[in-house]
Amino acid sequence: MNPKLPKRRAIRKKALTEMLNDPKWQQTYEFPIPNYVTNYAHDDGEMLIRFADGTGVLYTSHADFLTWRAYLETLRNTQPQHVLTGLLPQGEHFIDHIPQLLDRLAEKFKIPREALDGSIEGLRLVDEVIRKRGKKKCLTPEIFPMLVAVAGEHMRAQTNGRWEMRPGRTALGDPTIVTWEPWVIDPQQRVMNPWLWLYDDLYEPGPAAISGSVSVRISTRRVEPPPSQQPIAVTVVMKGKPLES
C-alpha cells in the first residue's frame, strides 16, 4: 500500500498559464528532471511541475515536493510484482480456506452467512458493504481473499465449475518465486479469473460492483493457454502523469 503522502493538486492548462503570469514564479534548475517537464518555484515556497501538454501539479511547499519526488523515485526503482503478492496469504492452500473465508466475510460485513450461497443477490449485499466501507479498505490481506472467495464461488455455482490453483509467472523471472493463483474452470475447460479484475475494481477510481463485473467475466470466459503461457500480471502503480485531483 502507498505511504501517507502530502496532498498535491492537478492544474489544468489554462489555470497554469494564468499562474505563470505571476512574476514570483521562477523556473528552477535545482533538480534534474525529464525533458518533458519544467520545475517552477514561488516566493512563498510552493513548487509547480509543468508537463509538455501544458498541465501541471502544484505542491504547497518545497518539503512536500521533495517527499513526492523521493516516493516516485522509489517507485521507478522498484521491481514490478504479481498483483497477488502479499494479498493472498493462503497461497496454494487457498481453496481449502474458502469455507472459512466466507464465514469470516459474513461476520466482518454483517451479512447472513446463508446469503453467501453463490447467488447474485449475495454479491449485491457484499457490494453495498464495500461502498460503505470504502474500496481501498477492502484491498488488504484480510479482506481481499474473502472477496476472491465469494466472487469465485459465484462463478463456480453459475457454471458448474471447479476451483484450481495454478503457479503464476512472476515479473521477476525467478523460478524459485511462485505466486499461486486461484482460477475457476467450467466443464468445457473455459477459465475464469476471480482476482485480477477484482483488484482493478478496488484499486482504480470509480465505483466497484462485484455483482456486475463477475457477470461479465462469466459471459466472456474462454479456453486459456497453459499456466506457463499466461501473461505476467503486475501491479500498475502509475499510469501516465502522476496527477491527483
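The values are calculated or read from the model by the stated rules, or taken from the named source; none is laboratory data. Nothing here was measured: the structure is a model prediction, and the numbers come from that model. No Cβ is skipped: glycine too gets one built from the backbone with ideal geometry, and neighbour counts run over all protein chains shown.
Restricting the search to the stretch 98-118, which residues are surrounded by fewer than 18 Cβ atoms within 10 Å (Cβ to Cβ) and either among the β-branched types (V, I, T) or outside any loop (DSSP other than H, G, I, E, B) (or both)? Talk me through it step by step, then tell me what you get.
So the first thing to find is which residues in the stretch 98-118 are surrounded by fewer than 18 Cβ atoms within 10 Å (Cβ to Cβ), and the list is 99-100, 103-104, 107-108, 110, 112-115, 117-118.
Hits for the stretch 98-118 are P99, Q100, D103, R104, E107, K108, R113, E114, A115.
Quick one: which of E128, E121, E153, E164 is among the acidic types (D, E) and not in a helix (DSSP H, G or I)?
None of the others qualify; the one that does is E164.
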Hits in the stretch 69-95 - residues which are at pLDDT 90 or above and among the β-branched types (V, I, T): I95
P205 is checked against (1) modelled with pLDDT of 85 or more; (2) within 30 Å of K7 (Cα to Cα); (3) exposed (fewer than 11 other Cβ atoms within 10 Å of the Cβ) and fails just one. What number does that condition carry? (1)
Conditions (1) assigned to a helix (DSSP H, G or I); (2) not assigned by TED's automatic domain parsing to the domain that holds D200; (3) not aliphatic (A, V, I, L, M); number of the one not met by G86: (1)
Anything in the stretch 193-227 that is closer than 13 Å to G161 by Cα and in contact with a Phe, Trp or Tyr (Cβ under 7 Å, 6 or more places away or on another chain)? List them, or say none. N193
